[in-house]
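Enquirer: Got a structure for you, written out below as C-alpha cells; questions coming shortly.
The values are calculated or read from the model by the stated rules, or taken from the named source; none is laboratory data. These numbers come from a predicted model, not from an experiment. Virtual Cβ from ideal backbone geometry, glycine too; neighbours counted across all protein chains shown. Ligands, DNA and RNA are stripped out before the accessible areas are found, and what is left, the full protein with its side chains, is counted by its heavy atoms. Shrake-Rupley method; radii C 1.70, N 1.55, O 1.52, S 1.80 Å.
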Amino acid sequence: MNLYLLRHGIAEPLGESHQFQDSRRALTPEGRKKLGDAGLGLRTLGVEVDLVAASPLLRAQETAEIAAKLLEYQEPLETWEELTPASLVQRTLERLQSCQGKESVLLVGHQPHLGYLASYLLFGSESVSLDFKKGGVCAIRIERVPVQPPVELLWMLPPRILRLLGER
C-alpha cells in the first residue's frame, strides 16, 4: 500500500472570523490557493488514491476536499478521529488496519501527530516528530497491514516543491 500523509493547509489564526474553537478554523484563501497548486504537483507525480480520510477538524476536512477533487477521487471522504492533533499513533495504526486491500490511501491531519506517525513508521519510534510544513506530503510504501516498521520512504516534499511540480 502507498500511504500519503498530508498536513492541512494554511488556516485562520484562532480567534479570526470569530472562530474561537480550534476545530472550526477554516483554510485561508491563501491556504486554499497554495493547496490547489500543490495538488497539481501530486497529479504530476501520478498520485492516485483508493481512500481519503481526514481529521474531523474543519481545516483538515477542507484540505481533504481540495486534494480529493484534484486527484479525481470520487468516493465519500472518511472522517477519522484518529487523525486529530493529539491522537495516539497506535490508534491511527489500528484504524489503518481497516484499509487492508487498498492500494493507495491519503490521510489528512495535523502536526505533531503526522510527524510522530511518520517517525514511527520509518524508524520504529515516535520519540521525534518529523516536520511537516502546512500542505506538505510524505509518501510511504507499506508491504502489509498491520504495519510493521520500518517501512519504505518514497518521498517527503514540502508544499513549495509540490507547487513547482504542478507548474510543469
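Enquirer: Just flag the trypsin sites (Lys or Arg not before Pro) in region 92-150 sitting in loop per DSSP whose Cβ has no more than 10 other Cβ atoms within 10 Å. Show your work: numbers first, answer last.
Expert: Values: sites: R95, K102, K133, K134, R141, R144; in loops: K102, K133, K134, R144.
Listed in order of number, the matching sites are R144.
Enquirer: Next question. Out of the total accessible area of region 95-168 (probe 1.4 Å, heavy atoms of protein only), what percent is carbon and sulfur?
Expert: Working: 1800 of 3770 Å².
Its accessible area is 48 percent carbon and sulfur atoms.
Enquirer: Choose one answer from L58, L96, L154: the residue with the largest mean-square fluctuation in a GNM of the chain with alpha-carbon springs under 10 Å.
Expert: Most flexible of the set in this elastic network: L154.
Enquirer: Right, here's the next one. Which order do the peptides 45-55, 71-81 take when ranked by the mean count of other beta-carbon atoms within 10 Å per residue, highest first?
Expert: On the way: 45-55: 18.5, 71-81: 13.7.
Ranking, from highest mean packing down: 45-55, 71-81.
Enquirer: Still on this structure, please answer the following. State the extension gain, in nm to one decimal, for the chain segment bounded by F20 and R141, taking 0.36 nm per residue of separation less the distance between their alpha-carbons.
Expert: Working: separation 121, 0.36 × 121 = 43.56 nm, distance 3.81 nm.
Between F20 and R141, full extension yields 39.7 nm more.
Enquirer: If you don't mind, there's one more thing I want to ask. Region 1-46: which trypsin sites (Lys or Arg not before Pro) are DSSP loop and have at most 12 other beta-carbon atoms within 10 angstrom?
Expert: Working: sites: R7, R24, R25, R32, K33, K34, R43; in loops: R25.
Listed in order of number, the matching sites amount to none.
Enquirer: Between E30 and K69, what is the label-to-label distance in nm when each label sits 7 Å out along the Cα-to-Cβ direction?
Expert: 2.1 nm
Enquirer: For region 100-168, take the alpha-carbon Rg, divide it by the Kirkwood Rh, and send me Rg/Rh.
Expert: Numbers: Rg = 12.7 Å, Rh = 12.9 Å.
So for region 100-168, dividing Rg by the Kirkwood Rh gives 0.99.
Enquirer: Return an integer: the convex hull volume of the alpha-carbon atoms of the chain, in Å³ per residue.
Expert: Numbers: hull volume 16.9 nm³, N = 168.
Normalising the Cα hull of the chain by residue number yields 100 Å³.
Enquirer: I've got another one for you. How much area per residue is accessible in the chain when the probe is 1.4 Å and only protein heavy atoms are counted (Å²)?
Expert: On the way: 8360 Å² over 168 residues.
With all protein chains present, the chain gives 50 Å² per residue.
Enquirer: For K134, go through the lysines and keep the ones whose alpha-carbon is under 25 Å away, minus same-chain ones fewer than eight residues off.
Expert: Within the straight-line limit of under 25 Å, K134 reaches these lysines: K33, K34, K69.
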